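These notes concern the structure reproduced below.
The values are calculated or read from the model by the stated rules, or taken from the named source; none is laboratory data. It should be emphasised that the depicted structure is a prediction, and the values quoted were computed from it without experimental measurement. Please note: Cβ atoms are built from the backbone with ideal geometry, for glycine as well, and neighbour counts cover all protein chains shown. Note: accessible area is taken over every heavy atom of the protein model, side chains too, but ligands, DNA and RNA are not part of it. Shrake-Rupley method; radii C 1.70, N 1.55, O 1.52, S 1.80 Å.
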Amino acid sequence: MKGKIIKSTGSWYQVLELETNKIFEARIRGKFKLIKTRLTNPLAVGDFVEFQLEQDDIAWITKIEPRRNYLIRKSVNLSKEAHIIASNIDTACFIFTLKHPETSLGFLDRFLACCEAYNITPLLLFNKIDVLHEEEIEIVKDIEFLYQEIGYETLEISSYSRLNLDQLQELLHDKTSVFFGHSGCGKSTLVNALQPGLNLKTSEISDTHLKGKHTTTFAQMHFWDFGGNVIDTPGVREFAMIDIEKEEVQHYFPEIFKKREECKFHNCLHINEPKCAVLDALETGEIQHSRYATYIKLMDEAEEASQK
């Protein structure tokens, strides 16, 4: 039998049988190969699987189909391991708030780099627009413009005034989507606004709760009445890329990758090389310092990982 994982609690799963849409409680049978053994979970919500039924309609998962893509978060304590957040994603939505809370551009840029690395289409949602003053709205529009220039799609929204929610539904129609953002950005409130009656808890997991002991991720897929579904996940403290060489990192920053063609050296890493077009663009403001800072950080992380 073939199905899709729609809920994960770590040891138990829910699998949706594709032919009948019947849901079964499921467990893993046998050993599943993880990506170079650096992932903490063998199965993620969004995975397509094969399973067998036994007594009491318990499903035993016997095979995982190859993943089209996935997003990974860093494990809290296990520095050499990571955890798959969700797989087979069509659209990954990042919820940006200028305040309450203030969104970190570094967090956004890391998210975008991961989307580039794992071939996922991102959508930047600028939330809580209705609580901003005129000057703050201008700041948001400037940030929007910067990311639009790079090539990313953006949309200004509000869960309370329902600003552009109809347009957002059109963008998510018949797709598997997932929402990310800082704790308190309004992720659950937005999901509830898009799907009345779902009643997701609106209290987000805080960074405090993610610190210390390794936290198990509990994820679940919910289905939109307008077509498609969303994978709801607990808060993500930091996105991760594994098995990435430092020379590859520039591939995941479109404006840097495009500019590299003008560098004197074909193997330029854009750090301190002479006649580097990327460093020149950084000086003129064509490439943003916040984006470049994340690029350097990911380069450092890739270098460190290669030495372990």
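Around Leu16, under 12 Å between beta carbons, what's the net of Lys plus Arg minus Asp minus Glu among the other residues? Display every interim value, and only then the final one.
On the way: positive: Lys2, Lys4, Lys7, Lys22; negative: Glu17, Glu19, Glu25, Asp47.
Summing Lys and Arg as +1 and Asp and Glu as -1 gives 0.
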Of Ile143, Val278, Tyr295, which is farthest along the charge dipole of the chain in the positive direction, counting Lys and Arg as +1 and Asp and Glu as -1 at C-beta?
Tyr295
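Which FRET efficiency value, to the nearest 0.05, is calculated for Gln169 and Asn267 with the Förster distance at 30 angstrom and r the Cβ-Cβ distance?
0.05
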Prolate/oblate/rounded call for the chain, Cα gyration tensor, a/c under 1.5 rounded:
oblate
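What is the sum of charges, Lys and Arg at +1 and Asp and Glu at -1, for the other residues whose Cβ falls under 11 Å from the Cβ of Trp224?
Details: positive: Lys175; negative: Asp174, Asp225.
Value of the local net charge: -1.
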Length gained when the stretch Ser11-Glu247 is fully extended (0.36 nm per residue, less Cα-Cα span):
81.2 nm
Beyond 23 Å (Cα-Cα) in this structure, taken from Lys7/Lys246; Lys141/Lys275; Lys141/Lys187; Lys175/Lys246, we find Lys7/Lys246; Lys141/Lys275; Lys175/Lys246
Counting only DSSP beta bridges fully inside the chain, the antiparallel percentage to nearest 5 is 60 percent
Of the accessible area of the chain, computed with a 1.4 Å probe and all protein chains kept, carbon and sulfur make up a percent value of 49 percent
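Report, in debye and to the nearest 20, how large the dipole of the chain comes out about its Cα centre when Lys and Arg carry +1 and Asp and Glu carry -1 on their Cβ.
Working: 36 positive and 47 negative charges, 293 e Å.
For this selection, approximately 1400 debye.
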Helix-only mean residue ellipticity at 222 nm for the chain, each DSSP H run of n ≥ 4 adding -39500 (n - 2.57), per residue, nearest 500
-8000 deg cm²/dmol
Over the chain, with neighbouring protein chains present, the accessible area per residue in Å² at probe 1.4 Å is 51 Å²
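Beta carbons within 10 angstrom, averaged per residue: use that to sort the peptides 274-282, 81-89, highest first. Kindly include the intermediate steps, with their values, before the conclusion.
Numbers: 274-282: 17.1, 81-89: 23.4.
Put in order of decreasing packing, that is 81-89, 274-282.
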Along segment 292-303, what does the Karplus equation 6.51 cos²θ - 1.76 cosθ + 1.60 (θ = phi - 60°) give for ³J(HN,Hα), rounded to whole Hz, x for Gly and Pro?
5, 4, 5, 4, 5, 4, 5, 4, 4, 5, 5, 5
